[in-house]
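Have a look at the structure below, then the notes.
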Amino acid sequence: YKVIIVTNQSAVGRGILSNQDAEAISQRLIALLERAGCRIDGLFMCPHTPDAQCACRKPQPGLILQAAEELSVDLAQSWMIGDAWSDLLAGYVIFSQEYSHRAIQNGLINSRCLCQALGRFLRQYISTGQYTNSIKRYLG
């Protein structure tokens with residue numbers, strides 16, 4: 001497997017960090033991970049704010065699709081790990097056979113398909129009882 005980081009960093013778009021600072025932080029993260037024995041094959045960053053409505057900010061698939069193309073990744077054989085709902089939803093939409101072909105148009109998720117995917121994801125998530133463990137972890 002290839003290990004790729006795809007990250008939303010709206011602090012750049014908000015003017016809190018410069019693009020150069022965000023890149024330096026990313027390179028430091030990669031160096032620390034590599035020093036610990038990890039391999040990172042690529043890092044792709046969206047610097048836009050949520051209201052920019054760009055194709056690269058998760059849950060939109062643009063940056064993930066770009067990473068897959070540039071690094072020759074077969075998404076059908078891939079895994080995605082995330083720490084935010086936008087990560088989970090992006091992965092669900094991209095990797096879902098039912099939605100992958102009709103949901104993505106011109107690099108953007110069709111809003112109707114996004115809503116359908118979110119509804120199905122939430123139903124599956126709730127039906128498995130995983131949300132209970134998430135809430136317990138969150139509340140401590």
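Data table
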| item | result |
| --- | --- |
| Placed amide H near Asn8: partners under 5 Å, 5+ positions off or other chain | Cys46 |
| Per-residue HN-Hα couplings for region 44-60 [Karplus 6.51, -1.76, 1.60; θ = phi - 60°; Hz; x = Gly/Pro] | 10, 10, 9, x, 7, 7, x, 7, 6, 6, 8, 7, 9, 7, 4, x, 5 |
| Residue-by-residue Karplus 3J(HN,Hα) for region 27-38, coefficients 6.51, -1.76, 1.60, Hz, glycine and proline x | 5, 5, 4, 4, 4, 5, 5, 5, 4, 7, x, 8 |
| Share of carbon and sulfur in the accessible heavy-atom surface of region 31-90 [1.4 Å probe, %] | 53 |
| Nonlocal amide H pairs with Leu43, under 5 Å, H built at 1.01 Å | Ile5 |
| Per-residue ³J(HN,Hα) for region 70-86, Karplus 6.51 cos²θ - 1.76 cosθ + 1.60, θ = phi - 60°, Hz, x for Gly and Pro | 5, 9, 6, 9, 8, 4, 5, 10, 10, 10, 10, 10, x, 10, 9, 4, 4 |
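The values are calculated or read from the model by the stated rules, or taken from the named source; none is laboratory data. This one's a predicted model, so the numbers in the text were calculated from it and none came from an experiment. Surface areas here come from the heavy atoms of the whole protein model, side chains and all, with no ligands, DNA or RNA. Shrake-Rupley method; radii C 1.70, N 1.55, O 1.52, S 1.80 Å.
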